Amino acid sequence: MIENTKCECGHNNPLGTVLCEHCGRPLDEISDSKEKIDKEMRYEGKARRSLTYQTSIMDQVWNFFSSVKIAIVLIIITLIMSGIGTIFPQEQFIPSSSPDTYYEQTYGTLGKWFYQLGFSDMYSSWWFATLMSMIGISLVICSLDRVIPLYRALKNQKVAKSTVFIERQRISLKENMLEDVPAKIDDLADKLAAKRYHVRREGNTLLAEKGRFSRWGPYINHIGLIIFLVGILLRYLPGWNLDDYVWVQEGQTVRVPQTHYYVKNEGSSIEYYKSTEKSNKGPIVSKYRTKAVLYQKDSAGKLIPLTKKTILVNDPLNYQGLKLYQSDFRSGDLTGIKFSLIDRKTKKNLGVFSVNLSQISESQIYKVGDLRVKIKDYYPDFAIENNVPVTKSQDPNQPAFLFETIEKGKTKGENSLVISGMNFPNPKSNKYDIGLAGFDMVNTAGLMVRVEKSLPIYLIGGIISMIGLVMGFYWQHRRVWIRVQDRILYLGAHTNKNWFALRRELSQIGFSHLVKEIEK
Amino acid sequence: MTTVMNNLLYGTFILYLVSAIVFVVVATESKNRSKVWRRLAIILSIAGVVIHVAFMITRIVIGGHFPTSNMFEFIAFLCFALVLAFIVIFAIYRTYVLGAFVMPLAVVLLAYAAVFPRNIQPLIPALQSHWLYIHVTTAALGQGAFAVSCVAGLIYLIYQVGKGEKPKHAKYLEMTLIILVMLVGFSIASLLFQTFGYQASFIHQVNENQVIEEYNLPPIVAPNESKAVKVDQFLSYQGPLFEAPSWMKGEKAASKFNSVIWGIVVGLVLYAIYRAIARKNLYQLLYPLVRKLDPELLDEISYRGVAIGYPLFTLGALIFAMIWANEAWGRPWGWDPKETWAFITWMFYSAYLHLRLSRGWVGMKSAWLAVGGFVIIMLNLIVINLVISGLHSYA
């Protein structure tokens with residue numbers, strides 16, 4: 001640590017200062033060294049908290065997070081872990097609901113380890129979140145530790161710098177002066193001002209500066225990133241975000257899960273591109289489309305429409321932050337079956353009736369002319385087990401019906417069994433035949449249900465970040481110091497990057513030998 | 001119209017190729033008659049970019065959408081971004097030697113792009129958005145600048161190692177150059193087999209569907225548990241020698257794996273032939289081109305590439321990507337493998353910047369990092385799709 005903080009020029013510097021605040025002379029060494037002071041110039045040689053106070057626990061924590069080395073280590077750990085996480089698909093992407101067996105079965109021993117080490121659900125794990133938070137803390141502390149002293153230093157710059165400071169800049173030169181000193185400095189000041197430098201003079205010294213704002217770029221970028229990370233943290237608040245899924249058949253109105261809204265599907269469709277000869281994979285889908293209406297129940301329980309939209313992929317329905325996305329499409333869901341009633345003798349079709357599969361009850365009566373048809377039994381997934389008709393499931397894979405056809409004025413009628421896909425021989429005594437006349441099919445839309453209240457925060461964070469990046473990377477902070485002492489002109493120049501352009505600029509104001517041979 | 005488009009593509013390729021040759025001539029030339037040649041070199045590369053733009057415009061007219069929707073279109077655009085970034089950086093630094101390395105890389109990239117199916121496909125619903133070109137082009141422009149940074153880094157390494165000052169780095173530099181030779185080898189092999197119409201196909205099971213996988217190169221490796229449908233003979237070789245492991249699940253994973261093997265084999269054969277003739281390392285062959293350069297300038301160019309590319313990449317590959325992902329998939333970020341690798345790339349360049357600006361990593365270390373960053377981008381492009389089928393499977 002530096003003991004003596006009083007500079008030769010007489011200025012008293014705060015503890016930890018590297019370059020004298022007043023004249024720029026390096027304080028920590030004997031001043032006849034010829035080494036360049038690029039490193040020290042990074043933060044203008046100011047005292048930084050992390051390098052000055054190192055005793056209390058608070059200081060230790062501050063110092064840990066204020067180290068760029070630690071920040072880089074955190075970044076590298078995060079990027080390596082993220083990479084490992086992509087070796088096998090994450091749990092959300094696997095076609096199985098039991099990851100404990102899936103990884104071992106599919107990927108062998110490596111897969112087992114992948115699962116057991118917790119890499120299969122890495123990005124939502126507590127330790128990944130910890131890594132990200134540590135990067136966030138590091139962002140804040142690193143920035144504060146540097147930006148405050150840097151701001152003070154740049155705000156209070158002295159024009160006159162010691163010749164030691166000037167000579168030890170990366171670009172520096174000494175010239176014997178034969179001409180009139182004030183006139184020469186006037187001339188240089190004009191030329192620098194013409195290059196849009198902001199020029200300040202003090203006797204035989206000069207400081208020209210431009211693009212200082214670009215020094216704030218990195219810190220503004222960091223502010224944006226912090227806002228972004230806060231947006232991520234807010235997702236842990238209950239109700240802040242919602243991620244669900246709902247299937248809606250055409251014509252149906254269903255409740256949007258986890259909300260008090262209802263959504264009606266007024267029609268889903270699929271469109272294809274006109275088939276081209278070259279494509280051998282079959283037709284290519286051009287559009288998935290769902291006409292959706294969003295409802296809310298009023299106090300009387302009546303559905304009130306709120307908004308209406310044709311949802312497309314890339315074009316969701318958005319109602320006050322609740323978004324419904326076209327995510328999946330299923331065609332040909334069976335909702336009803338049409339039957340025709342035929343007189344056996346005359347083979348005359350007496351009429352057609354339609355059974356709605358979601359509304360089957362014994363009291364339901366289908367009228368065909370003078371006849372009434374009742375459903376006595378319904379087997380959605382028909383099978384015979386031990387000579388008894390049963391249903392294997394509730395899905396209408398092979399629906400079968402036991403109908404009773406009742407003539408006018410009678411109370412009992414004849415029974416007939418109708419099985420889709422089979423020609424079941426009903427009793428010969430039956431007067432009427434019931435045959436399949438068609439299916440009622442509808443399309444079903446799979447809609448993602450999302451609420452993400454952090455979106456505006458992400459956007460603001462992103463915009464601020466970008467402003468910072470552009471400021472920091474597409475501009476640069478250049479300074480030129482000139483001092484004439486004992487008829488010798490000292491010139492030093494510094495930039496935070498792109499030295500080549502600075503050399504070229506200086507060569508254009510008359511210091512052509514600052515451009516290296518090779519660059520001419 | 002399609003013929004016009006194809007001719008524009010060939011025109012672009014030829015202009016890049018000739019420009020590359022002229023740049024190399026300029027770099028090797030000692031002194032005289034250079035002014036005309038120098039001007040010619042840069043004019044040719046600018047002409048190449050103009051024709052490349054014309055090619056893209058005709059493709060938009062024919063296809064009705066911006067050409068960044070499949071592998072061919074994307075890599076061709078990446079090649080365009082590379083040349084564009086080079087021209088911008090050339091305008092600042094006027095280093096002709098940079099062109100002698102960038103333009104050949106552009107030629108290789110365009111040849112590599114041509115390996116993939118070139119027909120215009122209609123856009124599937126997931127891609128029907130303006131963000132398709134906003135997101136992809138911005139990200140690719142950033143990657144183009146990163147590529148220039150990588151090339152400048154490579155030149156820096158060739159300079160330092162060639163001068164004989166960094167013997168420890170020689171081995172690794174040579175290995176890096178051999179990987180480049182493999183990319184060249186693969187492109188040459190693919191284009192040759194394509195020209196002679198080589199075909200092979202296998203049928204296998206993917207998620208309970210029978211899928212036919214087409215090969216454009218003789219099969220060294222077949223898809224897992226597959227049956228050959230049709231395999232042309234090549235010098236009486238029919239193959240395959242073995243089957244791909246079952247975890248290679250990506251779209252056309254086996255045929256891509258087969259391509260990688262071909263790249264390695266052809267690259268090594270080319271390198272062996274070169275060694276037999278020249279009897280020296282590749283970097284020693286290239287050293288005379290870069291001998292006269294100023295290493296400090298190269299270091300700055302390499303950094304400048306990252307400085308130009310980093311904001312573009314952040315905007316394109318992260319911010320625009322999130323906006324689009326939120327519109328298409330209902331979440332701004334989902335840790336899909338491609339997303340994760342964009343994040344990794346970004347974190348890598350963040351580490352590069354902090355190491356350079358705060359820890360003083362310049363020169364050799366910085367040059368290696370610039371090369372490493374572009375290797376990650378190429379990994380993302382080539383390898384990730386090989387193993388994993390994510391949401392970005394169409395590219």
Practice item. Take the range A:93-105 and flag every residue that is within 11 Å of chain B (Cβ to nearest Cβ), in a helix (DSSP H, G or I) and either free of Cβ contacts under 8 Å to residues at least 12 places away in the same chain or within 18 Å of B:W346 (Cβ to Cβ) (or both). Key: A:F93, A:Q105
Check your understanding: Is it fair to say B:S129 is surrounded by fewer than 21 Cβ atoms within 10 Å (Cβ to Cβ) and of a type in the set (G, A, S)?
Key -> yes
Practice item. Count, please, the residues in the range B:266-281 that happen to be loosely packed, with under 11 Cβ neighbours inside 10 Å, under 26 Å from the mean Cα position of the chain (by Cα) and either of a type in the set (G, A, S) or not in a helix (DSSP H, G or I) (or both). Key: 1
Study note, to complete from the structure: Expected single match for modelled with pLDDT of 85 or more, at positive phi and of a type outside the set (S, T, Y) among A:G332, A:G282, A:G351, A:G369 is A:G351
Exercise for review: Could you tell me whether any residue of the range A:175-185 is assigned by TED's automatic domain parsing to the domain that holds A:I482, touching a strand residue (DSSP E or B) at 6+ places or on another chain (Cβ under 7 Å) and crowded, with 18+ Cβ neighbours inside 10 Å?
Suggested key: yes
Check your understanding: Here are some residues: A:V313, A:V248. Which one is surrounded by 18 or more Cβ atoms within 10 Å (Cβ to Cβ) and away from chain B (no Cβ under 12 Å)?
Key -> A:V248
Exercise for review: Return yes or no: is B:V83 at pLDDT 95 or above and surrounded by fewer than 21 Cβ atoms within 10 Å (Cβ to Cβ)?
Suggested key: no
Exercise for review: All but one of (1) under 14 Å from the mean Cα position of the chain (by Cα); (2) surrounded by fewer than 21 Cβ atoms within 10 Å (Cβ to Cβ); (3) in a helix (DSSP H, G or I) hold for B:I178, so report the exception by its number.
Suggested key: (1)
Check your understanding: Can you tell which of B:S259, B:S246 is over 30 Å from B:W361 (Cβ atoms) and more than 12 Å from chain A (Cβ to nearest Cβ)?
Key -> B:S259
Point to revise | Lone qualifier among A:I30, A:I77 - being modelled with pLDDT of 80 or more and either assigned to a loop (DSSP other than H, G, I, E, B) or within 33 Å of the chain's Cα centre (by Cα) (or both) | key: A:I77
**Study point:** Condition check for B:F234: away from chain A (no Cβ under 14 Å), more than 30 Å from B:T28 (Cα to Cα), loosely packed, with under 12 Cβ neighbours inside 10 Å and aromatic (F, W, Y)
**Key:** no
Revision key, fill the gap. Checking B:F13, B:F72, B:F66, B:F55 in turn, the sole residue that is out of contact with any strand residue (DSSP E or B) (no Cβ under 8 Å at 6 or more places or on another chain), assigned to a helix (DSSP H, G or I) and touching a residue at least 60 places away in the same chain (Cβ under 8 Å) turns out to be B:F13
**Study point:** Close pairs from the range A:200-216: first under 13 Å from A:W481 (Cβ atoms), partner small (G, A, S), Cβ under 7 Å, at least 6 apart
**Key:** A:R201/A:A189; A:E202/A:A160; A:T205/A:A160; A:L206/A:A189
**Study point:** Test: A:E202 is surrounded by 13 or more Cβ atoms within 10 Å (Cβ to Cβ), under 30 Å from A:C23 (Cβ atoms), away from chain B (no Cβ under 14 Å) and not aromatic (F, W, Y)
**Key:** no
Practice item. Report those strands (runs of 3 or more DSSP E) wholly inside the range B:193-236 carrying at least 2 residues which are under 24 Å from the mean Cα position of the chain (by Cα). Key: B:209-215
**Study point:** Residue ID - nearest to A:T444 (Cα to Cα), chosen from residues in the range A:215-265 that are touching a strand residue (DSSP E or B) at 6+ places or on another chain (Cβ under 6 Å) and basic (K, R)
**Key:** A:K264
Check your understanding: Would the range B:317-340 turn up any residue that is within 7 Å of chain A (Cβ to nearest Cβ), at negative phi, at pLDDT below 85 and assigned to a loop (DSSP other than H, G, I, E, B)?
Key -> no
Check your understanding: How many residues are in a helix (DSSP H, G or I) and either among the aliphatic types (A, V, I, L, M) or within 19 Å of B:P288 (Cβ to Cβ) (or both) when one looks only at the range B:16-49?
Key -> 23
Exercise for review: May I ask you to list the residues in the range A:231-278 that are of a type in the set (F, W, Y) and touching a Gly at 6+ places or on another chain (Cβ under 8 Å)?
Suggested key: A:Y245, A:W247
**Study point:** the range A:287-306, subset crowded, with 16+ Cβ neighbours inside 10 Å and among the hydroxyl-bearing types (S, T, Y), residue farthest from the other protein chains (Cβ to nearest Cβ)
**Key:** A:Y295
Exercise for review: Go through the range A:419-466 residue by residue and tally those that are within 14 Å of chain B (Cβ to nearest Cβ), in a loop (DSSP other than H, G, I, E, B) and polar (S, T, N, Q).
Suggested key: 1
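The values are calculated or read from the model by the stated rules, or taken from the named source; none is laboratory data. Bear in mind the structure is a predicted one, so any value in this text is a computation, not a measurement. Cβ: placed from backbone, ideal geometry, glycine included. Neighbour counts: every protein chain shown.
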